[in-house]
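Below is one structure, written out as structure tokens; the observations come after it.
Read-outs throughout are calculated quantities, based only on the coordinates presented, and are distinct from any laboratory measurement. Because the structure is a prediction, the values reported are computed rather than measured. Methodologically, a virtual Cβ is constructed for each residue, glycine included, from the backbone with ideal geometry; neighbour enumeration extends over all protein chains shown.
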Amino acid sequence: MRTPMVVANWKMHGRLAEARELAQAVRDGLKRPRGVEVAICPPFTALAAVAEVLAGSPLMLGAQNCHWEESGAFTGEVSPAMLAELGCRLVVLGHSERRHISRETDEEISRKVAAALRHRLQPVLCVGETAEERRQGLTFTVVEGQLRAGLAGLPAEDLVRCTIAYEPVWAIGTGLTATPSQAAEVHGYLRGLLSELGSKESAQAVRILYGGSVKPDNAGLFSQEPEIDGALVGGASLQAASFITIAKKSAAKSGASKE
Ligand code: 13P
């Protein structure tokens with residue numbers, strides 16, 4: 001029912017020549033990905049160039065953020081309509097770097113999720129606890145708050161158009177990962193909440209990705225967990241060979257989907 005998905009989040013990396021080169025190498029290494037969907041999210045400035053590189057390939061283009069309005073006096077912002085026009089199919093929203101560095105609130109993130117859906121962009125809603133919150137036993141409380149707030153007000157039929165990414169903040173860029181079973185526990189909890197927000201069937205259709213120091217040598221372990229439907233990859237997506245390996249290791253065995 002759920003085909004795994006692997007998303008490259010390049011963050012603020014990739015000037016034009018590098019972005020083209022990296023996208024070409026990933027495209028050439030994943031000509032016909034089997035049992036996995038693959039997306040690349042470059043910085044805004046490289047979206048058009050990467051769109052050209054990916055034209056005609058099964059790899060999807062995504063963005064790392066968007067505003068909730070269509071247009072207007074919002075200096076420095078980019079609207080979902082602008083992203084859709086460039087060929088973006090998805091948009092990462094509520095990433096912890098935006099929550100913590102840019103002080104994005106749950107309310108803003110929820111407006112962005114709704115706006116993305118209005119423009120047929122698949123939101124990849126990120127949730128995750130800090131090290132301190134985990135230490136205090138607040139992991140489930142934090143991710144529940146972020147999930148409920150991020151999806152607030154969405155009609156049940158829109159839930160299935162969203163992807164969730166569980167990214168524990170302490171695992172991002174640190175080389176520390178949640179163990180596959182720690183991640184699976186949170187994914188299971190999130191799926192339970194999705195059932196409450198929509199239905200059991202819709203919750204089963206929503207992909208929940210894991211992110212946080214996913215590398216070629218641990219990707220296979222995560223993909224063995226039935227509750228983990230792929231990866232949101234930061235640092236390791238900047239090397240074509242690493243990202244290609246992660247995508248291949250995240251593929252459902254024999255091209256089958258996860259139930
Ligand atoms: P790293 O893979 O570099 O830990 O980053 C994860 C992340 O933030 C992806 O969105």
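Note on the chain: Kirkwood radius taken over Cα pairs, Stokes-Einstein applied at 25 °C and 0.890 mPa s, translational D equal to 136 µm² s⁻¹. From the largest down, the range 29-124 spans 39, 24, 23 angstrom on the principal axes of its Cα atoms. Between 87, 56, 35, the residue with the greatest mean-square fluctuation in the GNM of the chain (Cα pairs under 10 Å linked by springs) is 56. What residue among 224, 239, 122 shows peak mean-square fluctuation when the chain is described by a Gaussian network model with Cα springs under 10 Å? In this elastic network of the chain, the residue with the biggest mean-square fluctuation among 224, 239, 122 is 239.
What separates the Cα centres of the range 13-49 and the range 100-163 is a distance of 25 Å. Residue 31 label point, 7 Å along Cα→Cβ, cut-off 20 Å on backbone N: hits in the range 48-69? Answer for this model: 52-60. Shown here for the range 27-95: chymotrypsin sites (Phe, Trp or Tyr not before Pro) in loop regions (DSSP other than H, G, I, E, B) with at most 16 other Cβ atoms within 10 Å, namely 74. Between the residues 223, 184, 162, the greatest Cα displacement towards the positive end of the dipole of the range 155-240, with unit charges on the Cβ of Lys, Arg, Asp and Glu, is found for 223.
The dipole here belongs to the range 76-165: it is taken about the Cα centre, uses +1 on the Cβ of Lys and Arg and -1 on the Cβ of Asp and Glu, and is about 180 debye. Charge dipole (Cα centre; +1 on Lys/Arg Cβ, -1 on Asp/Glu Cβ; no other charges) of the chain amounts to roughly 740 debye.
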